Amino acid sequence: MDRQIRRVGIGFVLLFALLFGQLTYVQVVAADRIANDPANAARQIIAEYKVERGVILTRDGVVLAESVPAEEGSALLFDRDYPQGALYGHITGYYSRIFGRSGLEDAMNEELSGEAPELAIQNLSDLILGRPREGASIVVTIDHDLQTAAADALGNLPGGVAAIDPNTGDILALVSNPSFDPLEISTGTDRAIRRAWKRLTDAEDRPLISRATDELFPPGSSFKIVTASAALENGFGIDSTWPNPHRLALPQTTNQLRNFADVHCNGGSATITLLEGFVESCNVTFGQVALEVGAREMAEQARAFGFCPTFPPTQTDCLEETIPFVLEFETGRFPDPAYFADQQPLLAFSGVGLDNDLTNPLMQALVAGAVANEGTMMQPRLVTTVLDPQGRPVREYGVEQFSQPISDETARALTEMMRQVVSRGTAFSAFADSPCRDLVAGKTGTATGVESEAPHAWFTAFAPAGPGQRQIAVAVIVENGGGDTEATGGAVAAPIARAVIEAYLGGCVRE
């Protein structure tokens, strides 16, 4: 009998040990994996609806997302509201009990849901007093008036606009067209939310994808800022002279590189300076520059600006891998030197922003910002402060430098080159009657994505063109020229950037 009792006891001990081990595994060892399993996302969010989630605010106090009491009879305590709708859809993201989270709602979920370590004492107090847990609020760098101005300027055109402060890296505006209203998939009946999700995910124009940060496009001639940087950093001055044929015969092939519209730059003269080639945006000139500078130096310059290799899994430090950015951010791409070893003609095309060069408006704004900031590229910053439920700061995100891609001397030369693009070059018509014209430095770009479609229209700029002032760097893409087969960066994208610059600088009225 004692032996049987002992066996039963041992069995119970083993069962308790197994149970304890399983609980330990689930709650400790596998806790993160289970919590992050997409299948559990909706279940987690339903539990989170018992929390009064924090507010998302612009730098000037405009509410972008907030929790509001749910309708009477709802199983949820709170619903999520987005007062600004589609204007900030890609920034706030959505917070859906069915489809999970995106944007800042996802990236800052720990803070917004009240789970951040800084809120531990507040949470304990809420628990003791039987109050619903409150989340922290976050303040973003976006300037609401500028965001509105950028959206108005882009209008219904498909594309994106990014504007930053070159001296801090603060993102001042981030607009993408088309966009979406997060409310549609965050609040309402399950049926309505699923119907809205299907419409958005089935749409050919992919409104859930931000053209400003998530998508990559060939930059066209706006990439000549990087190519010119490589030339200047490798000993070629703005007055260096280059052969000026009508078309550039390329090595290893019978193909030729042509200027836009097949024009002969600089009035058809035999030679052209680097400055004039930049002002007129001559592909022939910059194809030669890329070939002369060399694949290794071109790739090094692109990496210094934060462009990642076009073809992973090449291990190279780049912006995407080294900058903590709270939103999905696809950085620029430029091929490794080995890519050009047996395809040297493609280096000429890469020098003018074609072939496998890729970028987006935020990346191009950062490039322009580095030129504006005397050669220093700052880390992009979207969130500045986390506030506890009483509105007290509990965390600050500081300003940090990313790299020094070019010298201050190169930055000054590029500034002059970009100023002349606006004063007498390919962007002249867009700024001819602008009170900001003498303060703006920019570069146009026209890039063919798919051969059968209209080209993308680009403009990248900063203003005022001088250190120590309130500055803004802007990049605009109009995807496929808004359907205009004759679209150019100067005609289509530059006027949008002009509106943003004038809105930020108060019209740039000259004395």
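Observations
- Straight-line reach from residue 198: taking Cα to Cα under 13 Å and skipping same-chain neighbours fewer than 8 places apart, the aspartates and glutamates in range are 184, 190.
- Applied to the stretch 350-365, the Karplus parametrisation 6.51 cos²θ - 1.76 cosθ + 1.60 on θ = phi - 60° returns per-residue 3J(HN,Hα) values of 5, x, 10, x, 10, 6, 10, 7, 9, 6, 8, x, 5, 4, 5, 5 Hz, with x for Gly and Pro.
- Less than 5 angstrom separates the built amide H of residue 333 from those of 308, 358, 359, all sequence-distant by 5 or more or on a different chain.
- Sorted fewest first by neighbouring Cβ atoms within 10 angstrom, 217, 340, 78 come out as 78, 340, 217.
- Loop GluC sites (Glu not before Pro), the stretch 183-238, which have at most 12 other Cβ atoms in a 10 Å radius of their Cβ (DSSP): 204
- Fewest-first ordering of 285, 485 by other beta carbons within 10 Å of each residue's beta carbon gives 485, 285.
- Only lysines eight or more places from residue 224 in sequence, or on another chain, were considered; those with a Cα closer than 17 Å are 443.
- Rounded to the nearest Hz, the phi-derived 3J(HN,Hα) couplings of the stretch 297-307 under the Karplus curve 6.51 cos²θ - 1.76 cosθ + 1.60 (θ = phi - 60°) are 5, 5, 5, 4, 5, 4, 4, 4, 7, x, 6, where x marks glycine and proline.
- For the pair the stretch 378-404 and the stretch 267-310, the centres of their Cα atoms are 37 angstrom apart.
- Ranked for footprinting exposure by Cβ neighbours inside 10 Å, fewest first, 137, 186 give 137, 186.
- When you filter the GluC sites (Glu not before Pro) in the stretch 416-497 for DSSP loop state and at most 15 other Cβ atoms inside 10 Å of their Cβ, you are left with 451, 453, 486.
Rule-based calculations on the coordinates, nothing more; no lab input. Quick caveat, the model's predicted, so the values are computed rather than measured. Methodologically, a virtual Cβ is constructed for each residue, glycine included, from the backbone with ideal geometry; neighbour enumeration extends over all protein chains shown.
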